[in-house]
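Participant: Below is one structure. I have some questions about it.
The values are calculated or read from the model by the stated rules, or taken from the named source; none is laboratory data. Quantities reported herein were computed from a predicted structural model and do not represent experimental measurements. In this analysis, Cβ positions are derived from the backbone assuming ideal geometry, glycine residues included, and neighbour counts consider all displayed protein chains. Ligands, DNA and RNA are excluded from the accessible area calculation, which covers all protein heavy atoms including side chains. Shrake-Rupley method; radii C 1.70, N 1.55, O 1.52, S 1.80 Å.
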Amino acid sequence: CKRRGRILALMQDNPDPDGIASAMAFAALMRHRLGKRVTIGYGGQVGRAENEAMLELLHVKAKHVVPRDLSQYAILCLVDTQPFSGNNVCNKERPIQVVIDHHTVANRNDWQAEVSDVRPHYGATSTILYEYLLAGHVDIDKDLATALFYGILSDTQELGRQASAADVSAFHA
């Protein structure tokens, strides 16, 4: 990615462990492979105590953003959410460059991205980003490993809900 400018990894408005881990992994990938710094953002509030603790204990600097803030970023990556799904601050005026998610494609005819990787057969977006980290030969530090582990654990309800073979493999890695 030779594009200049700031990068935002945008989670859903009320980030959950899978979104947090995915944003952390995307930031690590961009830092390691491209030498770029990524801002991690969300539009609503971190409402659950476990999610607030996750941000604090894993040293995640997540920023609250509003729609007008999006214009400050040259690259917008949605992680664990999709454009116009109703759970993020994206608007139709702001093009989206990257979407990485595991949910069923929402309103796919209404949005486009330069790169989209949506895998509804996966139980967690963390698994997708874990595979990117492996493919990119990115060292996974203790905080990121913890985040990915917990992101997969929570979104698959301890591998009991919609966990794919890839989720199980990433969970046990």
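Participant: What's the carbon and sulfur percent of the chain's accessible surface, probe 1.4 angstrom, rounded to a whole number?
Facilitator: On the way: 4300 of 8780 Å².
Ligands and nucleic acids excluded, carbon and sulfur give 49 percent.
Participant: Another one. Compute the accessible area per residue over the chain, keeping the other protein chains in place, probe 1.4 Å, unit Å².
Facilitator: Working: 8780 Å² over 173 residues.
Per residue, the chain has 51 Å² of solvent-accessible surface.
Participant: Which order do peptides 71-77, 5-11 fall in by mean Cβ count within 10 Å, highest first?
Facilitator: Per-residue Cβ counts within 10 Å, averaged per peptide and sorted highest first, yield 5-11, 71-77.
Participant: Which aspartates and glutamates, on any chain, are close to Lys63 with Cα under 13 Å apart, when same-chain ones fewer than 8 places away are left out?
Facilitator: Here the aspartates and glutamates satisfying the reach criterion relative to Lys63 are Asp13, Glu52.
Participant: Also, I was wondering about something else. For the pair Gln157/Val66, report the inter-label distance in nm, with labels modelled 7 Å from Cα in the Cβ direction.
Facilitator: The modelled label-to-label distance comes out at 3.7 nm.
Participant: I need the shape label for segment 1-78. Rule: rounded when a/c is under 1.5, else prolate if a/b > b/c, else oblate, with a, b, c from the alpha carbon gyration tensor.
Facilitator: Numbers: a/c = 2.56, a/b = 1.41, b/c = 1.82.
Verdict is oblate for segment 1-78.
Participant: Need one word for the chain: rounded, prolate or oblate. Basis is the Cα gyration tensor (sqrt eigenvalues a ≥ b ≥ c); a/c below 1.5 gives rounded, then a/b vs b/c decides. Write out the running numbers ahead of the final one.
Facilitator: Working: a/c = 1.35, a/b = 1.27, b/c = 1.06.
In terms of gyration-tensor shape, rounded.
Participant: How far is helix 142-155 tilted off the main Cα axis of the chain, in degrees rounded to 10, range 0 to 90?
Facilitator: The two axes meet at around 90 degrees.
Participant: What is the angle, in °, between the Cα long axis of helix 125-135 and the longest principal axis of the Cα atoms in the chain? Nearest 10 is fine, range 0 to 90.
Facilitator: 90
Participant: By how many degrees, between 0 and 90 and to the nearest 10, does the Cα long axis of helix 17-34 differ from the longest principal axis of the chain?
Facilitator: For 17-34 against the chain, the angle is about 70 degrees.
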